[in-house]
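Note sheet for the following structure.
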Amino acid sequence: MTRLSAFRPPEARRRNGKDAAPAFAALTAAALLAAASPAAWAFELETDNPDLKMRLDTTVKYSNAFRLKSASPALISDPSTNPNSSLYFPNMDDGDRNFNRGLISNRLDLLGEFDLSYKDFGGRVSVAAWGDSVYHRGTANTSPQTSNSVPYNRFTSATSQLHGGDAEVLDAFVFGKTDLGSMPLSVKLGRFNQLYGESFMMGFNGMAAAAGAVDVIKAASVPNSLFKEFMRPTPQISGQLQINSDVTVGGYYMLGWEPDRLPATGSYFSNVDFLGTGATRLIVGSSPLGNVGFYRQADMEAKSSGQGGAQIKWHVGEVDYGLYAARWNEHGPQLYLHPYTTIAPLANINGLGLQVGTYQWVYHEGVKAVGGSFSTTVGNVNLAGEASVRYNASLDSDAQVDLTGRGNNSDNPLYAVGKTAHAQLSWIAALGPSFLSREADFVGELAWNRVLSVTKNLSALNPNATRDAANVRTVFEPKYRQVLPGLDFSVPVGLGWGLMGNSAAVGAFLGKDTGDLSIGLNGTYLGVWNFALNYTHYLGKAGTFLIADASGNYHRSFLQSNADRDFISFNVRRTF
């Protein structure tokens, strides 16, 4: 990620929160100025040359969200009801304890987009800035003995920055078009997104997973987002050659790598306190000297090299087909523990803590995949399908102890690695008049995966995972035009559900009989003002992300770790 440091509040502000309000107020003032002076923020620059075109757009968005439930005893440390809670709940309760019922986000976003083109060449740059006042104040946490953050009643400076105020460059690329003989050729270089395959809701299960990292924060906080909407732009070069009117070939090579953007430790959607930006320690016990734990060491990141893909697409009659191949490095991590042979004391807010080792997040390298797809129209329904096989893919594994330090993320992984199969079927339907509305959209995707074989470290595989798993995600959206002059409404109802199994192949899959339900009200006024009100409810049996078995070993539970985090969100935005 490319950051713009001018938008960062000083470190002292993030630590004590006293000057956070002026920083947020400055961003608010900038947004109000944009709204009041559209001519100064958006324009098409006219020149004497009709081939030269430039455009600048600015989008201002205000959003907030409110928690509806108090923290559940099933999801936070409560020794009176959970005798073993001191062993594992301290590592999964900060995001729950830090927020009471009520306001959980008070955010302002600015997005600037600049496009330039000259004949068949051009470029694009987009920059985002945001501020959220909630993350510059104290937390509601009253449990210092279970907190992974120091101090326990404040967000870490890294969490305050990621969620509370920062800026970054998103797209930044140039493109060009020419002819290679009689065949049109287009090339693009820089930071951008591109997705292979036909999946549009659960791309993490298809060829789209090779495209780059995802913004998990956005996926969790913005209901019914499509996969492309929370993809992170990746540095790369791509090209596409149109062989004839029926056949197109393309390819890309990535020039960078970054991990998924996970909720920072202690933030509202964080379920694992020692994972994500700002995480520092994994608590394994307590002592008279304080908590006993593993402290975080630098992540074992994947290389930027060795990532790329190719595709060929063609159509026959009314059906479009595609074949794909790709190689990439994983954007979600595995966990290594490095125990010390002697115990080292560390100073912390409780006095002295005991460090028994370090923990390290590890990103697997060298996943390979091949796949195929189809897309066609049947009546008023666009129907698409995709199937793929992955080789050398990392599987859902328990934390692995590395006593020698020889474990890595390539030729000597300690986690389970194997071969997996994936398939999905998606639809986009435009429905006609009914008793609900004159028109409606119904979109959805059914996804399945299977572990075909485990080629390395079978014993590391999560015993709660299953060979097969299937998820479904749908959105039904009745639409109401001109409810009032210039005002259109729609009512999206979204559902995600774990149909069967607990996926060992895809970490983003919902566990069996868990899911989420959202009901919203979207509106557009005069084609320029957009607003959305949404209620999100989490489905399934409550349980922390990790649970212990009878032997005291901990595995991913596949239970609903957001069971007590239902929320209502609202946003309004305008592009100038």
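Give the peptides 567-575, 354-362 in descending order of average Cβ contacts within 10 Å, highest first.
The packing order, highest mean first, is 354-362, 567-575.
Normalising the average separation of contacting C-alpha pairs (under 8 angstrom, six or more residues apart) by the number of residues puts the relative contact order of the chain at 12 percent. Taken per residue, the accessible surface of the range 476-576 reaches 45 Å², heavy atoms only and a 1.4 Å probe. Computed from backbone phi, the HN-Hα couplings of the range 487-499 come to 10, 10, 10, 8, 10, x, 10, x, 9, x, 8, x, 6 Hz, rounded to whole numbers (Karplus: 6.51 cos²θ - 1.76 cosθ + 1.60, θ = phi - 60°; Gly and Pro given as x). One equal scatterer on each Cα of the chain, no solvent, Debye formula: the resulting log10 I(q)/I(0) at q = 0.05, 0.09, 0.12 Å⁻¹ is -0.22, -0.76, -1.40.
Give me the accessible area per residue for the range 424-464, probe 1.4 Å, as a whole number in Å².
Numbers: 2320 Å² over 41 residues.
Per-residue value: 57 Å².
I need to check one value: relative contact order of the range 413-541, counting alpha carbon pairs closer than 8 Å and at least 6 residues apart, in percent.
Across the range 413-541, relative contact order equals 20 percent.
Accessible area of the chain with a 1.4 Å probe: how many percent of it is carbon plus sulfur? Carbon plus sulfur share of accessible area: 59 percent.
For the chain, what does the helix formula give at 222 nm: sum of -39500 (n - 2.57) over DSSP H segments with n ≥ 4, over the residue count, nearest 500 deg cm²/dmol?
Working: 7 runs with 49 residues, N = 576.
Mean residue ellipticity, 222 nm, calculated: -2000 deg cm²/dmol.
Among 513-523, 308-318, how do they line up by average Cβ neighbours within 10 Å per residue, starting with the highest? Intermediate results must be reported in sequence, preceding the final value.
Working: 513-523: 18.3, 308-318: 15.1.
Packing order, densest peptide first, comes out as 513-523, 308-318.
For the residue pairs 61/419; 313/456; 419/479; 368/512; 368/479; 188/303, the C-alpha atoms sit more than 32 angstrom apart in 61/419; 313/456; 419/479; 368/479. Show which lysines lie in cross-link reach of residue 69 when reach means a straight Cα distance below 23 angstrom and same-chain residues fewer than eight apart are skipped. Output for residue 69: 218, 541. Residue separation of residue 376 and residue 441 scaled by 0.36 nm, minus their Cα-Cα distance, works out to 21.7 nm of gained length.
Along the range 425-433 the Karplus relation, 6.51 cos²θ - 1.76 cosθ + 1.60 evaluated at θ = phi - 60°, assigns HN-Hα couplings of 10, 10, 8, 9, 10, 9, 8, x, x Hz to successive residues, with x for each Gly and Pro.
Order 147-159, 488-500, 397-409 from most to least packed using the mean count of other Cβ atoms within 10 Å. Walk me through the numbers on the way to the answer.
Numbers: 147-159: 21.8, 488-500: 18.0, 397-409: 15.8.
Answer by packing, highest mean first, reads 147-159, 488-500, 397-409.
The values are calculated or read from the model by the stated rules, or taken from the named source; none is laboratory data. Predicted, not measured: the structure shown is a model, and the values here were computed from it. Note that we place each Cβ from the backbone using ideal geometry, even for glycine, and neighbour counts take in every protein chain shown. Accessible surface is based on the protein model in full, side chains and every heavy atom, while ligands, DNA and RNA are left aside. Shrake-Rupley method; radii C 1.70, N 1.55, O 1.52, S 1.80 Å.
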